[in-house]
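The values are calculated or read from the model by the stated rules, or taken from the named source; none is laboratory data. None of the values given here were measured: they were computed from a predicted structure. No Cβ is skipped: glycine too gets one built from the backbone with ideal geometry, and neighbour counts run over all protein chains shown. Please note that ligands, DNA and RNA were not included when accessible areas were found on the heavy atoms of the full protein model with its side chains. Shrake-Rupley method; radii C 1.70, N 1.55, O 1.52, S 1.80 Å.
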Amino acid sequence: MKFRTVKGTRDFYPTDMAIRNWIVDTWKRVSLNHGFEEYDSPIFEYLDLFKAKSGEAIVSELFHFTDRGDRELAIRPEMTPSLARMINARAQSLPLPIKWFSVPRLCRAERPQRGRLREFFQWNIDIVGIDDAVTDAECIFVAVDFFRQIGLTPADIVMKINSRALLAALLSARGFAENRHADIFVVLDKRDKLSQDDFIKSVEKITQSGSRRGKEKTTLIEIGQAHGKTGLESLAGMAEGNKSAERELTRLRNVFDILNTLGVADYCEFDMGIVRGLAYYTGVVFEAFGKAGLKRAICGGGRYDQLLEVLGGPPMSGTGFGTSDVVILDLLIELNHVPTEATISKQNDFYVIDADANLFNEVLSLVAKLRKAGFAAEFSYRRQAIGKQIKQAAANNTRWAVIVGNEYTERGVLSVKDLDTGEQVEIPIRTFLDNPHAPMGK
RNA sequence: GUGAGUGUAGCUCAGUCGGUUAGAGCACAAGGUUGUGGUCCUUGGGGUCGGGGGAUCGAAUCCCCUCACUCACCCCA
């Protein structure tokens, strides 16, 4: 084959498209159920928009080009800058809070690997304008609800939750200067990727030399390894007496309380190892992980306080998350949870069959009437034996076969056959057309 | 950008020590005689063995180069 899809891109044949639509439709349905409104933006933007958020280094990781008007443009690699641009443009008039979602097609010039391609669809949820634990919890709730909707249980997936604000407060309380926090974040974020020994080595690298070293190391390991209920309690002792740490701990506990009330606590777990590499996160952060096999983060998000401001808007706190169709699909394949074709691909209501080629005009006429009435009706392009036509009907995922035989012209009746049960009834044409679903009692 | 692995039919793969015309299952198509599908039976189409070069009487098989894909690292906006 001379032509193929470009590296990291996919064709969507009807069977693939059915699965993609199933994922995207579920994203949309869940979003709407939770009170979010859909938005979208252009697929390309000024390159400067992405530079403003992520710096010059981002350029090599996105597809960019110069148009005929010498504009430096880039295909969007993420949705957040466009969202910020849209909100900033109407910051004075949009009612708060903003609860928006989108399912953009994105491109990143990365090297493809498991769970990551160069072109993909991403589900984005954001709540902007309110800085409160209830919105942190609501975002997590939405993500977990999606996992529930596609059939994943707490045995399949875990949502790990942390607070960068708590982490920062604890570090400050223990004497780590703020200019060291970023380095510490990086080490903690990699905790689960490293062996215990390598983690300790990494911690040692970022401790100060001299008398404080041992104490710093102990503290960082204690903080960094804290997870689960006991982990959260162990931090309580550490936060005691420090107002800012106590406040952030209360906030995080509040998030867990709300998640419990919302009924999704069994999916959620505190983990100090979730920090997220993105520099702009400031508060509660979270990532979902598959429990078996695919250890990659399935979805991730958190609270950002300065993002809109950085992109020229007013200071506004927001929280949100994103996940991609690629990683979701990989997870589902691994768990053998991909829905069967029959349940998600297109289904015909009727397949109209002639028992004799002379009756073909009646078939066409019937199909036209059924389609006009809003039913999905199909017929064979080839005049052949009834058995062959029924076979085609079944292959086309049809619910009812409508058989037009000599009795159609002689007695004014036709037969409707339920292709799932094999049950078949004969009814007058007029009765059928009055209510095509009636003969089978559905 | 760095490292490793894999390339045989649309898909999953077999192919012995280098030996004649490269195979299976699934999928696809046709048929199984004139009014009933899923099973079954028969038949068929489909291959530059990723590509190029080399050693050999002879290469899917051995050597070199190259390309593509996969996985991991980096990065994850």
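A viscosity of 1.306 mPa s and a temperature of 10 °C, combined with the Kirkwood radius over C-alpha pairs in the Stokes-Einstein formula, give the stretch A:29-181 a diffusion coefficient of 87 µm²/s.
Principal semi-axes of the equivalent ellipsoid, √(5λ) from the alpha carbon gyration tensor of the stretch A:346-440, are 16, 16, 13 Å from largest down. Relative to one another, the C-alpha centroids of the stretch A:267-314 and the stretch A:139-197 are positioned 7 Å apart. Computed over the alpha-carbon pairs of chain A, the distance histogram in 10 Å steps reads 4, 17, 22, 20, 14, 10, 7, 4, 1, 0, 0 percent, short to long.
Given a 1.4 Å probe and the protein chains as shown, A:Phe289 ends up with an accessible area of around 40 Å².
The angle separating the long axis of helix A:164-173 from the principal Cα axis of greatest extent in chain A is about 10 degrees. The value of relative contact order for chain A, using C-alpha pairs under 8 Å at least six residues apart, is 16 percent.
Note on the stretch A:46-88: Kirkwood radius taken over Cα pairs, Stokes-Einstein applied at 25 °C and 0.890 mPa s, translational D equal to 229 µm² s⁻¹.
Database remark: amide H of A:Ile353 closer than 5 angstrom to the amide H of A:Val402, A:Ile403, A:Val404 (H placed geometrically; neighbours at sequence offset of 5 or more, or on other chains; Pro and chain starts carry no H). Taking θ as phi - 60° and the Karplus parameters 6.51, -1.76 and 1.60, the scalar couplings of the stretch A:5-16 work out to 6, 5, 2, x, 10, 10, 8, 10, 5, x, 5, 5 Hz in sequence order, x denoting glycine and proline. Projecting label points 7 angstrom from Cα along Cα→Cβ for A:Met17 and A:Arg105 puts them 1.2 nm apart.
Only DSSP H runs of four or more residues enter the estimate; each adds -39500 (n - 2.57), and after division by the residues of chain A the mean residue ellipticity at 222 nm equals -12500 deg cm²/dmol. Cross-link partners of A:Lys391 among lysines, defined as those whose alpha carbon lies under 21 angstrom from its own and excluding same-chain residues fewer than eight positions apart: A:Lys346, A:Lys417. As an equivalent ellipsoid, the stretch A:117-227 spans semi-axes of 33, 18, 14 angstrom, where each value is the square root of five times an eigenvalue of the C-alpha gyration tensor, largest first. Expressed as a fraction of 2.2 N^0.38 Å, the C-alpha radius of gyration for the stretch A:223-282 is 1.17. Taken along its three principal axes, the alpha carbon spread of the stretch A:271-314 comes to 43, 17, 12 Å, from the longest extent down to the shortest. Mind pulling up the Rg/Rh value for the stretch A:188-320? Radius of gyration and Kirkwood radius, both on Cα. On the Cα set of the stretch A:188-320, Rg over Rh gives 0.99.
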